[in-house]
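Just so it is clear, none of the values below were taken in a lab; they were calculated from the coordinates. Please read all numbers here as calculations on a predicted model, not as lab measurements. For neighbour counting, all protein chains shown are included, and Cβ atoms are generated from backbone atoms with ideal geometry for every residue, glycine included.
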Amino acid sequence: ENTTVVIVGSGVAGLALGNFLLRSGIDCVVLERHSREYVERRQRAGVIDPRAARMFREWGLADRVLDGAPFAPVLNFRVDGETRPFRYVTDDHVDGRFCPQQVLVRHLIDVFVSDGGDLRFEAEDVEPEDLTGPRPRVRYRERTGVTRAIACDFIAGCDGDHGVSRASIPGNVLTRQSHEYGYAWLTVLADASANHQSMMAIHDRGFAGQFARGPRASRFYLQCPLDTAVEEWADDRIWEEIEARFGEPVTAKGPITSKTLVPLRSVVYAPMSYGRLYLLGDAAHIVPPMSAKGMNLALHDADVFATAVLKQVKEQDPGPLEAYSATCLKHVWNYQAYAAWFTDLMHDAGDVSYHGEFRRSLARAEFERLYDSETANRLFGEFLTGLN
Ligand code: RFL
């Protein structure tokens with residue numbers, strides 16, 4: 001078999017890329033390890049920032065894939081139990097969405113498949129080969145046991161942090177830079193409607209957050225030590241802790257449907273390409289979830305890569321592909337800097353047991369500056385909208 005681009009992984013990066021290429025008349029095949037049902041049910045992020053929304057508009061997909069409540073330019077903080085709404089100034093038309101990631105994924109799959117895209121689920125033992133040759137291949141096994149190989153011009157590694165793409169690059173090629181924040185989040189999904197799009201608590205017991213995930217569900221986050229275990233968090237203890245940190249009762253408590261622990265970390269691999277393999281999204285970088293930028297960075301990579309492939313294929317201009325890694329890394333580091341700043345601020349301003357009183361006072365000063373300085377407000381707004 002032959003195609004132009006083999007895309008490994010049908011998360012947001014792989015599916016956005018597949019749709020951009022399909023609309024541009026460039027052949028591609030998407031290989032996904034899991035079943036369609038599994039991929040469409042995987043709950044994760046919930047914020048499509050205005051930059052990403054604009055990108056879908058530019059590719060002519062906004063009407064078919066964007067869903068969810070429009071972004072209100074307000075963040076609701078609760079500081080020591082007191083509500084502190086924060087409205088950010090923005091010159092741009094803000095049309096981001098609070099949209100559960102699996103809803104976006106579902107739409108992207110529907111559009112790709114109904115437009116004739118080639119998306120193969122349950123592809124096992126995917127193996128990229130001959131990455132530095134002129135015509136690499138991707139080998140995989142169908143569920144039926146049949147082994148197939150697809151030759152291509154480019155491989156897009158969109159298979160996340162634990163995928164096979166990055167792992168297929170020889171050991172000494174990539175550098176890995178990372179930072180551990182020293183705490184985890186207990187992330188809880190509950191059938192509990194939220195009366196705010198977002199609520200973020202700064203409290204001496206630690207950070208807590210609530211974000212709407214559709215009209216009837218919420219994602220809750222609780223800062224906790226790295227060595228805690230999910231089994232230590234009975235439902236009652238979770239509600240008690242959320243209410244203590246918010247300093248008010250949670251009005252619509254419903255059944256808790258999932259609990260996971262996520263250690264907060266930042267990771268960047270460089271360069272984001274090797275031979276004819278290009279890495280996109282979580283395969284190349286992880287941002288702490290406090291920033292709500294993981295999905296948006298993945299979408300940015302897909303935009304840059306699709307544009308670069310188009311230049312190569314339609315105009316024989318290799319420039320944008322050669323610059324792919326540098327272009328994306330510049331953007332990624334800008335948002336890693338933002339993510340680290342916001343993560344430190346929200347956690348250091350609360351529980352002093354991690355970084356002490358001095359850091360707490362600094363974080364509180366930075367927090368107040370967001371309200372007192374229009375300049376600080378604007379910069380924060382630029383990052384929140386993704387238009388920085
Ligand atoms: P994905 O979404 O992980 O998709 C990778 C796909 O590749 C498949 N795969 C393979 N396929 C074939 N062969 C293999 N060997 C394969 N190995 C893996 C997988 O099955 C999957 O379908 O990566 P992608 O596309 O790069 O997208 C990244 C985002 O999913 C991620 O950054 C966000 O979920 C991060 N994130 C958030 N991002 C935001 O922008 N806003 C948020 O509010 C936000 N909240 C979050 C988050 C991540 C969280 N978790 C998972 C820690 C909240 C949480 C709790």
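Comparing Ala229, Ala292, Ala123 in a Gaussian network model of the chain, where Cα atoms under 10 Å apart are tied by springs, the biggest mean-square fluctuation is seen for Ala229. Each residue of the chain gets 144 Å³ once the volume of the Cα convex hull is shared out per residue.
The calculated FRET efficiency for the pair Asp110 and Arg135, based on their C-beta separation and a Förster distance of 41 Å, comes to about 0.80.
Think of segment 250-343 as having a plus end and a minus end, set by charges on the Cβ of Lys, Arg, Asp and Glu; of Tyr278, Leu299, Thr327, Leu299 sits farthest toward the positive end of this dipole.
Charges were assigned to the Cβ only: +1 to each Lys and Arg, -1 to each Asp and Glu. The resulting dipole of segment 195-331 about its Cα centre is roughly 380 debye. Ordering His347, His162 from the fewest to the most neighbouring beta carbons within 10 Å gives His162, His347.
For Thr375 and Glu231, the FRET efficiency from 1/(1 + (r/R0)^6), where r spans their Cβ atoms and R0 equals 45 Å, is about 0.45. Here segment 44-202 is treated with +1 on each Lys and Arg Cβ and -1 on each Asp and Glu Cβ, and its dipole about the Cα centre works out to around 80 debye. A protection proxy built from the mean count of other Cβ atoms within 10 Å ranks the segments 240-246, 38-44, most packed first, as 240-246, 38-44. Entry note, the chain: the mean residue ellipticity at 222 nm calculated from DSSP H runs of n ≥ 4, each adding -39500 (n - 2.57), is -11500 deg cm²/dmol after division by the residues and rounding to the nearest 500.
A simple spin-label model places the labels of Asp67 and Arg148 2.7 nm from each other, with each point 7 Å out along Cα-to-Cβ. Long hydrophobic helices in the chain: the complete DSSP H runs spanning 18 Å or more by Cα along their own axis with mean Kyte-Doolittle hydropathy of at least 0.0 are 101-114, 294-315. In segment 227-312, the C-alpha radius of gyration followed by the widest Cα-Cα span (Dmax) gives 19.4, 57 angstrom. Annotation: the antiparallel percentage among DSSP beta bridges lying fully within the chain is about 75. Relative contact order of the chain, taken over Cα pairs closer than 8 Å and 6 or more residues apart, is 20 percent. What FRET efficiency comes out for the pair Glu180/Arg364, r = Cβ-Cβ distance, R0 = 35 Å, nearest 0.05? In this case the efficiency is close to 0.90. A DSSP coil position with no more than 16 other Cβ atoms inside 10 Å describes the following GluC sites (Glu not before Pro) in segment 102-148: Glu122, Glu142.
Taking other C-beta atoms within 10 angstrom as a stand-in for reagent exposure, Asp130, Asp348 fall in the order Asp130, Asp348, fewest first. The label-point distance for Arg205 and Asn334, in a model that sets each label 7 Å from Cα toward Cβ, rounds to 3.9 nm. Highest mean packing comes first when the peptides 99-105, 300-306 are listed by Cβ atoms within 10 Å, giving 300-306, 99-105. How many angstrom lie between the Cα centre of segment 8-83 and the Cα centre of segment 135-198? The distance from the Cα centre of segment 8-83 to that of segment 135-198 comes to 16 Å. Each peptide in 221-228, 273-280, 167-174 gets a packing score, the mean of other Cβ atoms within 10 Å over its residues, and the list from highest to lowest is 273-280, 221-228, 167-174.
Dipole size of the chain about its Cα centre, with +1 on Lys/Arg Cβ and -1 on Asp/Glu Cβ: approximately 400 debye, rounded to the nearest 20.
Fewest neighbouring Cβ atoms within 10 Å first, the residues Lys311, Lys293, Lys330 line up as Lys330, Lys311, Lys293. Between Arg84 and Ala326, the simple label model (points 7 Å from Cα in the Cβ direction) yields a spacing of 4.2 nm.
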